[in-house]
Amino acid sequence: MADKVLVLYGSYRSDRMGVRLADYLVTGLAARGAQAELVDAKAVNLPMLDRMYKEYAKGAAPAPMEALAEKIRTADAFVFVTGEYNWGPQPGLKNLTDHFLEEWFWRPAAIASYSAGRFSGARAGTVWHGILSEMGMVVISSTIAVGPIAQTLDIDGKPIGSGGEALQKAFPRFADDLAWWTEAAREQRARKAPPY
């Protein structure tokens, strides 16, 4: 059974660079046998959070929200691709994530960060760790941090230069860590219902 992995990306900028990393991760996970899918917050285009998915009457949530809720519920794992805006996470990705809660529970999450500079979005990645834990996900210890992104991945998400070499070296451990926790969580959910 292939692991169903959602790769969530949240920039709304017109000249988005982080989508290169999201594409790289979808391609890399698929090459390892996962059923990886990109969830682009800009394409989903949920409104600023007013009501969470669970606050709508059954069948009354907007169609894009309902479709995404089903994808989240049936996924085995998640990868959050976050840029860093003023030491924090992207508002688009945070907004998309906050529309849901129970749908995320009891599955592993991984964090891949990026920036135009040398800090590689690491500060935003650190913030995401606490957010995702609070939302009921098990955050794996392996992370990927890419920067400067324009010197690491080309427009098609292909590694370039020394940054690309470093990314290719880091990816297998990241993917192995995620796959291990994905299998462990899936087997435990099948063996015993979560406590809440």
Quiz prompt | Amide H contacts of Glu84 (H built 1.01 Å from N, under 5 Å, at least 5 apart or other chain) | solution = Tyr114
Self-check item: lysines with Cα under 17 Å of Lys158, excluding same-chain neighbours fewer than 8 positions away
Solution: Lys169
Quiz item: In angstroms, what radius of gyration and Dmax does the stretch 61-106 have, counting Cα atoms only?
Solution: 11.9, 33
Self-check item: Nonlocal amide H pairs with Gly121, under 5 Å, H built at 1.01 Å
Solution: Ser115
Exercise. Report the equivalent ellipsoid semi-axes for the chain in whole Å, largest first, defined as the square roots of five times the eigenvalues of the gyration tensor built from alpha carbon atoms.
Key: 26, 20, 14
Self-check item: Residues whose placed amide H lies under 5 Å from that of Gln35, excluding near-sequence neighbours
Solution: Asp3, Lys4, Val5
Self-check item: Of Lys4/Lys192; Lys71/Lys192; Lys42/Lys71, those spanning more than 24 Å from alpha-carbon to alpha-carbon
Solution: none
Exercise. Report relative contact order for the stretch 4-191 in percent, whole number only (criteria: Cα-Cα under 8 Å, sequence separation at least 6).
Key: 22
Practice problem: Give a residue-ordered list of calculated ³J(HN,Hα) values for the stretch 27-44 (Karplus: 6.51 cos²θ - 1.76 cosθ + 1.60, θ = phi - 60°; whole Hz; x for Gly, Pro). | Solution: 4, x, 5, 5, 5, 8, x, 7, 9, 9, 9, 7, 10, 9, 4, 5, 6, 5
Practice problem: Distance between Cα centroids, the stretch 32-69 to the stretch 145-196: provide it in whole Å. | Solution: 22
Quiz prompt | Per principal axis, descending, Cα span of the stretch 1-70 in whole Å | solution = 39, 36, 13
Quiz prompt | Integer Hz, Karplus 6.51/-1.76/1.60 couplings in order for the stretch 158-166, x for Gly and Pro | solution = 9, x, 9, x, 5, x, x, 5, 5
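Where a number appears in this text, it was derived from the coordinates with a stated rule and is not lab data. Note that the structure is predicted; figures quoted are calculated from it, not measured.
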